[in-house]
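The structure appears right after this line, and notes come after that.
The values are calculated or read from the model by the stated rules, or taken from the named source; none is laboratory data. Computed from a prediction, not measured in an experiment: that's the story for all the values here. All Cβ positions, even for glycine, are placed from backbone atoms using ideal geometry, and neighbour counts span all protein chains on display.
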Amino acid sequence: MNLARRRLLRAFPRLVLAACLVAMSGCGRSEPPSAPREDRLAVFAAASLREVFTAMGEDFERAHPGVEVTFNFAGTQELRTQLEHGAAADVFASADQRHMDELATSGRAVGPVVFARNEPVLVVARESAGAIRGLADLPGADRIVLGAPEVPIGRYTLQILDRASASLGAGFRARVEAKVASRELNVRQVLTKVRL
């Protein structure tokens, strides 16, 4: 089991406790929200958390018989939109702070807690592994798949490219972006396109 998964498995009970504090409400509805069911835990989580959260959910259900953990995995911005339009969740695990802050500011999330951090990585298709060994090699790629600029991984990528331009030349970001074949809405979609 890798270190990140062990950390998240240890953090999951705290995350569930935080669910008591992170109360997602359907603001804007005229009728009061229905009481949460004690036998179900609804988790909205960023697509990048699918594997580790699924495993943690299974572990949680074994440790708490009678409680069903249900997941909704998608891009953070998609989940936020669902919550803003009245979807109910006990836990919202965002891929970035911005979306969480905006939900908290609007009163749709209470008591956000940072429990993990994402670490962007460079993923290279097998056939390109010899030619692309690091960030500096990206302008030599045939095609590149990135996250869309409005989603967390897209914003992180553009920040990384901007910082890399300081050492790799002012036109580095433009040379990389010239090779972009697709911009996706979450990391799962990016990974799927790289595998194609």
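Given the conditions (1) within 18 Å of Ser48 (Cα to Cα); (2) in the same structural domain as Glu68 (by TED's automatic domain parsing); (3) of a type in the set (Asp, Glu), and given that Asp101 satisfies all but one, which numbered condition is not satisfied?
Looking at each condition in turn, Asp101 falls short on (1).
Of the numbered conditions (1) within 15 Å of Arg183 (Cβ to Cβ); (2) of a type in the set (D, E, K, R); (3) touching a residue at least 40 places away in the same chain (Cβ under 8 Å), Arg98 fails exactly one; give the number of that condition.
Result: Arg98 passes all but (1).
Looking at the stretch 147-160 only, could you name the residues that are in contact with a strand residue (DSSP E or B) (Cβ under 9 Å, 6 or more places away or on another chain), surrounded by 12 or more Cβ atoms within 10 Å (Cβ to Cβ) and not hydroxyl-bearing (Ser, Thr, Tyr)?
Gly147, Ala148, Val151, Pro152, Ile153, Gly154, Arg155, Leu158
Regarding Ala170, is this residue hydrophobic (A, V, I, L, M, F, W, C) and within 20 Å of Leu49 (Cα to Cα)?
On the way: hydrophobic (A, V, I, L, M, F, W, C): yes; within 20 Å of Leu49 (Cα to Cα): no.
It is false that Ala170 is hydrophobic (A, V, I, L, M, F, W, C) and within 20 Å of Leu49 (Cα to Cα).
Could we say that Pro36 is in the same structural domain as Ala88 (by TED's automatic domain parsing), within 14 Å of Ala87 (Cα to Cα) and at pLDDT below 50 here? So that I can check it myself, show each step before the final result.
Working: in the same structural domain as Ala88 (by TED's automatic domain parsing): yes; within 14 Å of Ala87 (Cα to Cα): yes; at pLDDT below 50: no.
Criteria not met by Pro36.
Please name all residue pairs, on different chains or six or more residues apart, with Cβ atoms under 7 Å, provided the first residue is in the stretch 105-130 and is without any contact (Cβ under 8 Å) to a residue 24 or more places away in the chain and surrounded by 15 or more Cβ atoms within 10 Å (Cβ to Cβ) and the second residue is of a type in the set (A, V, I, L, M, F, W, C) and part of a loop (DSSP other than H, G, I, E, B).
Cβ pairs passing all conditions: Ser128/Ala141.
Going through Val91, Val176, Val190 one at a time, which residue ends up being at negative phi, surrounded by 15 or more Cβ atoms within 10 Å (Cβ to Cβ) and under 13 Å from the mean Cα position of the chain (by Cα)?
Values: Val91 fails: under 13 Å from the mean Cα position of the chain (by Cα); Val176 fails: under 13 Å from the mean Cα position of the chain (by Cα).
From the options Val91, Val176, Val190, the qualifying one is Val190.
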